[in-house]
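One structure is given below, encoded as structure tokens.
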Amino acid sequence: MRTSHKEQALLIQHARQAQRSAYASYSNFHVGAAVMTDEGEIFDGCNIENSSYSLTICAERTAVFKAVSAGKKKFRSIAITSDDQGFITPCGACRQVLSEFSPHMEIILTAASGKKKITTLDKLFPTPPDLKKLSRHSSKKNSKK
Ligand code: THU
């Protein structure tokens, strides 16, 4: 199910609110995200950086992990906000994580100017790893035991 204009506006509002909590001491780049579950529930997140740089987590994954840890695994859409004048798109790691749960979800990109652009995860991440192959592999391994 796609999100209505009203739901998109609500998601953007939640992402902007979460952006205020961004911990971006190193990049000073504040990002917010908000996912909407299939049932219409919203979970938000911000980027959280670390002095050991590689431990940084993006806003998108924070939002998804909050939702998954609350038992929600099916998402309709995600909105992403930042202070950038252009549209920022999710990094490769976030695309992979989003795809694990909802490969066809809608992605609402925003610019600080207030503009928005709607796309889908299957456009941004068209060839995710074939999970069916993975499960075939693990059942082969288990049958040897
Ligand atoms: N960042 C996000 O949170 N989401 C994105 O889509 C792009 C990048 C964060 C990670 C890091 O804290 C900062 O922005 C600079 O890359």
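The values are calculated or read from the model by the stated rules, or taken from the named source; none is laboratory data. For clarity, every value in this text was computed on a predicted model and none was experimentally measured. For neighbour counting, all protein chains shown are included, and Cβ atoms are generated from backbone atoms with ideal geometry for every residue, glycine included. Just so you know, the surface numbers come from the protein's heavy atoms only, side chains and all, with ligands and any DNA or RNA stripped out. Shrake-Rupley method; radii C 1.70, N 1.55, O 1.52, S 1.80 Å.
This table checks each residue for (1) more than 9 Å from the ligand (Cβ to nearest atom); (2) more than 22 Å from Thr119 (Cβ to Cβ); (3) not charged (D, E, K, R).
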| position | (1), (2), (3) |
| --- | --- |
| Ala9 | yes, no, yes |
| Arg20 | yes, yes, no |
| Tyr23 | no, yes, yes |
| Ser27 | no, yes, yes |
| Ser51 | yes, yes, yes |
| Ala59 | no, no, yes |
| Val64 | yes, no, yes |
| Ala67 | yes, no, yes |
(1) within 15 Å of the ligand (Cβ to nearest atom); (2) free of Cβ contacts under 8 Å to residues at least 12 places away in the same chain; (3) among the hydroxyl-bearing types (Ser, Thr, Tyr) all hold for Ser135 apart from (1)
Report yes if some residue within the range 40-47 is more than 16 Å from the chain's Cα centre (by Cα) and over 30 Å from Asp130 (Cβ atoms); otherwise report no. no
Considering Ser21, Ser54, which residue is out of contact with any Phe, Trp or Tyr (no Cβ under 7 Å at 6 or more places or on another chain) and assigned to a helix (DSSP H, G or I)? Ser54
Can you pull out the residues in the range 8-58 that are touching a His at 6+ places or on another chain (Cβ under 6 Å), under 17 Å from Ile107 (Cβ atoms) and open to solvent by less than 30 Å² (accessible area, probe 1.4 Å)? Gln19, Ala34
Do the conditions hold for His5, that is, is it in contact with a helix residue (DSSP H, G or I) (Cβ under 6 Å, 6 or more places away or on another chain), over 20 Å from Val97 (Cα atoms) and open to solvent by 20 Å² or more (accessible area, probe 1.4 Å)? no
Would you check if there is a residue in the range 74-82 being among the basic types (Lys, Arg), touching a strand residue (DSSP E or B) at 6+ places or on another chain (Cβ under 8 Å), without any contact (Cβ under 8 Å) to a residue 40 or more places away in the chain and under 26 Å from Gln17 (Cβ atoms)? yes
State which residue is surrounded by the most Cβ atoms within 10 Å (Cβ to Cβ) when the search covers only the range 80-105 and only residues that are within 14 Å of the ligand (Cβ to nearest atom) and part of a loop (DSSP other than H, G, I, E, B). Pro90
Is it true that some residue in the range 71-79 is part of a loop (DSSP other than H, G, I, E, B), surrounded by 14 or more Cβ atoms within 10 Å (Cβ to Cβ) and within 13 Å of the ligand (Cβ to nearest atom)? no
